[in-house]
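Heads up: the structure comes next, in structure tokens.
Nothing in this text is a laboratory measurement; each read-out follows from the coordinates by a stated rule. Since we're looking at a predicted model, the values are computed, not measured. Glycine gets a Cβ as well: all are built from the backbone with ideal geometry, and neighbour counts include every protein chain shown.
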Amino acid sequence: MKVQLRLLALVRPYLGWMLAAGLSGLFTVLAGVGLMATSAYLIAKAALRPETYLLMLPITGVRFFGLSRGVFRYGERLLGHEATFRILGRLRVWLFERLIPLAPAGLVRRHSGDVMARVTQDVETLENYFVRVLAPSFVALGTLALVGAYLWSFAPNFALSFAAFFVLAGVAWPLGAMRLGRAPGAVRVAAQARLKRHAVDLARGLGELLVYGGARERAAALGAAASESRRAEARLARVEGLGEGGTLLLAHAALWAVLWLGVGWVRQGGMDGVYLGVVALATLAAFEAAFALPLAWQTLGAVQAAARRIFELADAEPPVREPAEPKRPPSPLPLVLEGVSFRYPEDERMVIENLDLRLEPGERLLVRGGSGAGKTTLAWILLKFLEPTEGRISMGGVDYRELAGGEVRRHFAVVDQRPHLFAGTLRENLLLARPEATEEDLWRALEQARLAGWVRAQPASLDTPLGEGGAGLSGGQARRLAVARALLKDAPIWILDEPTEGLDPVTARELAAALDAALAGKTVLAISHQPLGMGFDRVLELGA
Amino acid sequence: MRLDRRLLSAARRTPALLGLSLGLRLAAGAAIVAEAAIVARLVNAAFLQGADRADLTDLFAALPLAIVLRAVFSGWASERAGALAAAVKEDLRRRLTEHTLALGPARMGGVGSAGLATVLAEGVEGVEPFFKGYLPALAQAAFLPLLILLVVFPLDWPSGFVLLVTAPLIPMFMILIGRWAGNLAQKQWRALHLLGAYYLDALRGLATLKLFGAEARALLRIERLVRVHRDATLRVLRVAFLSALVLELMATLATAIVAVEVGMRLLAGRMQFLPAFTVLLLAPEFYQPLRNLGSQFHAAEDAAAAAEAVYGLLKTPAPDSPERPKPAPTAPVELALEGVRFGYGERPVFDGIDLTVPAGQFLALVGPSGAGKSTLVQLLLGFLTPQAGRVRAGEAGLDEIAPEDWRRQVAWVPQRPFLQEGTVRENLLLARPDASQEELERAAHDAGALGFIEALPHGWETRLGEDGGGLSGGQLQRLALARAFLKDAPFVFLDEPTAHLDGESERRIHEALARLATGRTLIVVAHRLDAAALAGRVVVLDRGRVICDGKHDELLAGCALYRELWRTFQEAAA
């Protein structure tokens, strides 16, 4: 319910668009009702062979509804999507704004795969919120009220039985079917997850499974998961069939009820027989609005789950507090850590314990530590992506707590083991560091990173497009591009976080040599589990 | 509207399901016609003949029967369609896994292992809409309008004529507008996809953006892309939704024309109320299936695309098993490539290579990347088949030995070993399910893995998550080595990892190699040349040819390429 309210609050600015789309949808259904009702009236009246002029109005009505329904439908679809894309656009911008202070430390969740890919999909799931949930609900309510009122004008009984069957067909029956489908649905989801896991194991390990045995067993396990999924799907199909048949049954039962009441009412003289076909067909046509509801209920569940995940992510506490009145450090150095300890909130163990460190201008320091020694954590603390649990850090004598994160990061250039390269051209990736850089600046940075030769050999040179995550570059080239980008930033302090990790020895050595030359005169803090093949003034063992 | 033949043939494998699913749609159609006839009769009797409920008990009793039949047939048809989809998916998955086992890891064509997993899971799932949505809609659109025409024509031929003429216009307009919108979407492709791609990219790279103080710029860009995306999408939708407009317009306008035209003839006394009202009731039912079919059009397209991947894999030819297989050698024998030609696509990797490896030799394969080292191992494993020439193990060609038999005699450590979901113990036991704890420990010890296994939080019972969980590349390699030791096969093929290993892992792996070589034929693809220095014989490959062949020291003296490789490696290691 809370999620619903927040969602509604989020879409409120687009009330005008939504109302326009909703009314268009309502008019579409009502035009259908009008078409059938006036047609029935026209035919019945004509059968009595009255004066021709008496038929002019129903004929006009039939033509009007016949023509307008298509136009209303078009309006409904277009306005509905206009509203949807405005909502989605706002949601995307809002979410991005909320995630900025969280990244990267506040977004790392263990064992949850690619959080970002999921949340982007969740945003897209919300595309269905208005078009499939809000709009059909509005249309159904409006149809129930207006067609109900119309039927009431003939006899309250018509309206009451129509409303009863409408609610049964649109609400009670589909919700009941959903409840029935919950158990097999859960079985299916579990079976599909198992199937996916076996498929990955079989596909990725196929060669080894064939050599060591176990391929047949994996295939059989996959087959078993597929069979279980099939059985669950067969049960779900029964529920779906029940739902579909039931809704249809209820809609036509309403027709039967109105006819039964109508025949009696005509006989009693309560209504002219001309209208018998009118009420019958109006009732049946109105159920169009109820038929859209089962999908709305199903979508609602998915939308709510997606929205809950989005809100959960956006509501997370930022890992770092920003000062109310940020100061500026007189100089970026010295950088001093005093008794710094860090522990992740969900962990017991300190990742970093009582670390003292002092970095003077021009100094090159290598911090060594094995895996789990808190190397990346240290880099994040220095970049004010994380706050130390205990101890204090200062930059040029000013406490980190009094500095804005952006101010701290302005003084750092970073090369890590997984530099993020953006899809786009080489040039765009470089300009990220300094938008006003000239062509010369770019080439100088590429020269220093020893990538210029390769770039020049590319047909599109600086405008060579990179795929997602820098696809198209080898590991060494990606790392060098990251170095060139960092060089362009021209920051006084360099953090090298395992810059050669995952590269083959030859490439690693070449990268280290390039870094060694490019960083002459800079202050460098390297964090690595191995000697990097660069010269350092001091070595500090982390976790020792 | 396309009907994917392959998918249809998949449905034919369960003819009873398919037949029932389609037959029920036809039965539902008959119930629809019956319902309309009854309703028309009821209204006619009450309106024009002054009948009361008591006079109409038959009709009032028959109507629920028609309604129930209609609902039951429709619901049942939908249930059968769901069952059909489920059965087809299960069948496809079974055939795909069978075929995958016959293909092995190297014959997937362009699919690759990640692609194979996707085809097995999502790919097969993707054909579902064809059976659940499109096929039933198609069946209904084929039967029901025809049935209604058969009823309407005898009742009132001019109305039948209106229906008959307008019906084909609907799919025609749908296709025309669909193409128009499709072309437009293609033109707007960049604008349509840029936002989604950039948004995810920016979120994933948010830390990098913050490092460069570029987060505000990214936000502005997203705001701009959001507008561009909305405009582009709506430009496409304005056209795409024309199909909804036309569909509605044709259906309602035709109904309106029928109503007016019938009304005028009633007025002129040239027609009766009963047939007129029946026709009016049937007109919307006539267009409904065409409407459904229109809305399922995309489902069919998507399913056809999914089917493409599934059937592409099923069509990839698997090698024939030998009819009278020879036994596989159970002790080291000579291995040989004789005039082997092999290539992926046009470009040959090997154009007639000869190489003989005597029984029990420790051979290192070295060479620059792209030399064909890994392909050679795949040929020896039987995961690839030579296009000409043959691979021989002792007296028998690999094509004369049953693949399972040959694979029982080999152990293999790939460059990036893949560990199965499960514990460390389960992963090792794969090689020999009946191994004792002692044997496990000895294998782990020989591979230099015992130390770190015992230091893991849950030791042998530590669960390895996706991609080996928290283990380093060197540790994964040593686990894979332990598995090879445990298997104790006469032939061992090992593809060294290229990435930087920590010194500890590297030393242990090299120690293990020496132990592994005793009493076995060991062929190592050496990316790190100190492994080559350990081997009894080094073969240098370049672009599919053996350039040099000899001992490490001899090659250092007499092979320029080897000397060059060795020098680069030494410098890097320094």
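Give the calculated FRET efficiency between residue B:95 and residue A:404 to the nearest 0.05, with a Förster radius of 60 Å applied to their Cβ-Cβ distance.
0.50
Assuming R0 = 35 Å, can you tell me the calculated FRET efficiency for the pair residue A:160 and residue B:288, based on Cβ-Cβ distance, to the nearest 0.05?
After rounding, the FRET efficiency stands at 0.80.
Among the aspartates and glutamates, which fall within straight-line cross-link reach of residue A:2, defined as a Cα-Cα distance under 20 Å, with same-chain neighbours fewer than 8 residues apart omitted?
Hits, sequence-local ones excluded: A:122, A:127, A:312, A:315, A:317.
Given contacts defined as C-alpha pairs under 8 Å and at least six residues apart, what's the relative contact order of chain A, whole-number percent?
It rounds to 15 percent for chain A.
Please work out how much length the chain gains when fully extended from residue B:315 to residue B:395, using 0.36 nm per residue of separation minus the C-alpha to C-alpha distance, in nm with one decimal.
Length gained between residue B:315 and residue B:395: 25.5 nm.
Using θ = phi - 60° and the Karplus relation 6.51 cos²θ - 1.76 cosθ + 1.60, list the HN-Hα couplings for segment B:309-320 in order, rounded to whole Hz, with x at every Gly or Pro.
5, 4, 6, x, 6, 5, 7, 4, x, 9, x, 6
Ranked highest first by average number of other Cβ atoms within 10 Å, how do A:50-59, A:203-212, B:360-369, A:402-411 line up?
Descending mean neighbour count gives A:203-212, B:360-369, A:402-411, A:50-59.
Helix B:157-166 versus the longest principal axis of chain B: what angle, 0 to 90°, nearest 10, using Cα atoms?
30
On average, how many beta carbons from a partner chain sit within 10 Å of the beta carbon of a residue in A:400-406?
Partner Cβ neighbours, averaged per residue: 1.
With charges set only on the Cβ (+1 for Lys and Arg, -1 for Asp and Glu), what does the dipole of the protein assembly as shown come to about its Cα centre, in debye to the nearest 20?
Dipole magnitude for the protein assembly as shown comes out near 2760 debye.
Among A:526, A:377, A:345, pick out the residue whose Cα is farthest towards the positive end of the charge dipole of segment A:335-541, where Lys and Arg carry +1 and Asp and Glu carry -1 on C-beta, about the Cα centre.
Final value for the positive-end residue is A:526.
Compute the Rg/Rh shape ratio of segment A:335-541: radius of gyration over Kirkwood radius, all on alpha-carbon atoms.
Taking Rh as the inverse mean 1/r over Cα pairs, Rg/Rh reads 0.98.
Could you give log10 I(q)/I(0) at q = 0.10 Å⁻¹ for chain A, computed by the Debye formula over C-alpha point scatterers of equal weight, without solvent?
-0.98
I'd like the distance between the alpha-carbon centres of segment B:191-262 and segment B:111-144, rounded to an integer number of Å.
Spelled out, the Cα-based centre of one part sits 25 Å from the other.
Taking the simple approach of a point 7 Å from Cα along Cα-to-Cβ for both residue B:193 and residue B:455, what is their distance in nm?
Result: 4.7 nm between the two label points.
Place a label point 7 angstrom from the Cα of residue B:323 along the Cα-to-Cβ direction, then list the residues of segment B:400-431 whose backbone nitrogen is under 19 Å away.
Residues B:400-403 fall inside that zone.
Need one number: % antiparallel among DSSP beta bridges in the protein assembly as shown, to the nearest 5.
Within the protein assembly as shown, antiparallel bridges account for around 50 percent of the total.
Toward the positive end of the charge dipole of the protein assembly as shown, about the Cα centre and with charges on Cβ (Lys, Arg +1; Asp, Glu -1), which of B:281, A:9, A:458 goes farthest?
It is B:281.
How many Cβ atoms of partner chains, on average, are near each residue of B:400-410 if near means within 10 Å of its Cβ?
So the per-residue partner count for this stretch is 2.
Which of the peptides B:478-490, B:26-38, A:343-355 is most tightly packed, and how do the rest follow, going by the mean number of other Cβ atoms within 10 Å of each residue?
Listed from highest to lowest mean packing, they are B:478-490, B:26-38, A:343-355.
Could you point to the residue in B:541, A:173, A:162 farthest towards the positive end of the protein assembly as shown's charge dipole, with +1 and -1 charges on the Cβ of Lys/Arg and Asp/Glu respectively?
A:162
Could you size up the charge dipole of chain B around its Cα centre, putting +1 on the beta carbon of Lys and Arg and -1 on that of Asp and Glu, and report it in debye to the nearest 20?
1660
Which FRET efficiency value, to the nearest 0.05, is calculated for residue A:90 and residue B:5 with the Förster distance at 45 angstrom and r the Cβ-Cβ distance?
0.50
Quote to one decimal, in nm, the extra length available between residue A:418 and residue A:8 on full extension: 0.36 nm per residue of separation minus the C-alpha distance between them.
Length difference between fully extended and current span is 143.7 nm.
So what's the gap between the Cα centers of segment A:281-345 and segment B:291-319, to the nearest angstrom?
Centre-to-centre (Cα) distance: 36 Å.
Among rounded, prolate and oblate, which fits segment B:63-221 when a ≥ b ≥ c are the square roots of the eigenvalues of its C-alpha gyration tensor, a/c under 1.5 means rounded, and a/b larger than b/c means prolate?
Oblate shape, in that a/c is at least 1.5 and b/c is the bigger or equal ratio.
Can you work out D for the protein assembly as shown in µm² s⁻¹ from Stokes-Einstein, where Rh is the Kirkwood radius over C-alpha pairs, the temperature is 25 °C and the viscosity is 0.890 mPa s?
Here the translational diffusion coefficient equals 71 µm²/s.
If you plug each phi of segment A:476-481 into the Karplus form 6.51 cos²θ - 1.76 cosθ + 1.60 with θ = phi - 60°, what whole-Hz ³J(HN,Hα) values come out, in order, with x for Gly and Pro?
Computed from phi, the couplings for segment A:476-481 are x, 5, 4, 4, 5, 4 Hz.
Assign unit charges at the C-beta atoms only (+1 for Lys and Arg, -1 for Asp and Glu), then state the dipole size of segment A:335-541 relative to its Cα centre in Debye, rounded to the nearest 20.
About 380 debye.
Enter the mean number of other protein chain beta carbons within 10 Å of the beta carbon of each residue in A:429-437, as an integer.
Shielding by partners across A:429-437 averages 2.
With the Cα gyration tensor of segment B:267-347 in hand, convert its eigenvalues to equivalent ellipsoid semi-axes via √(5λ) and list them largest first in whole Å.
Each semi-axis is √(5λ); the values are 70, 16, 10 Å.
Using only Cα atoms, find the angle between the long axis of helix B:437-446 and the longest principal axis of chain B, and express it within 0 to 90 degrees, rounded to the nearest 10.
70
Amide H neighbours of residue B:547 under 5 Å, counting only residues 5+ apart in sequence or on other chains, H built in-plane at 1.01 Å?
Distant-sequence amide H within range of residue B:547: B:540, B:541, B:542.
If a/c stays under 1.5 just call it rounded; otherwise compare a/b with b/c (prolate if a/b is bigger, oblate if not). Do that for chain B, with a ≥ b ≥ c from the square roots of the Cα gyration tensor eigenvalues.
prolate
Measuring from label point to label point, each 7 Å out along Cα→Cβ, what is the residue B:436 to residue A:439 span in nm?
7.7
Please compute the modelled spin-label separation between residue B:507 and residue A:325, points set 7 Å along Cα→Cβ, answer in nm with one decimal.
Calculated label separation equals 5.9 nm.
Show the residues, 5+ positions off or on another chain, whose built amide H is closer than 5 Å to the amide H of residue A:364.
A:524, A:537, A:538
Go through segment B:136-153 residue by residue and turn each phi into a ³J(HN,Hα) via Karplus (6.51, -1.76, 1.60, θ = phi - 60°); whole Hz please, and just put x for glycine and proline.
x, 5, 5, 4, 5, 5, 7, 7, 4, x, 5, 4, 5, 4, 4, 7, 6, 4
Between residue A:540 and residue A:118, what length in nm is gained on full extension when 0.36 nm per residue of separation is reduced by their alpha carbon distance?
Additional length available on full extension: 148.0 nm.
What ranking, highest mean first, results for peptides B:82-88, A:164-170, B:152-158, A:147-153 when packing means the other Cβ atoms within 10 Å averaged over each residue?
Going from most to least packed, we get B:82-88, A:164-170, A:147-153, B:152-158.
Within chain B, what percent of beta bridges assigned by DSSP are antiparallel, to the nearest 5?
55
Compute the separation of the alpha-carbon centres of segment B:350-416 and segment A:140-160 and state it in Å as a whole number.
80
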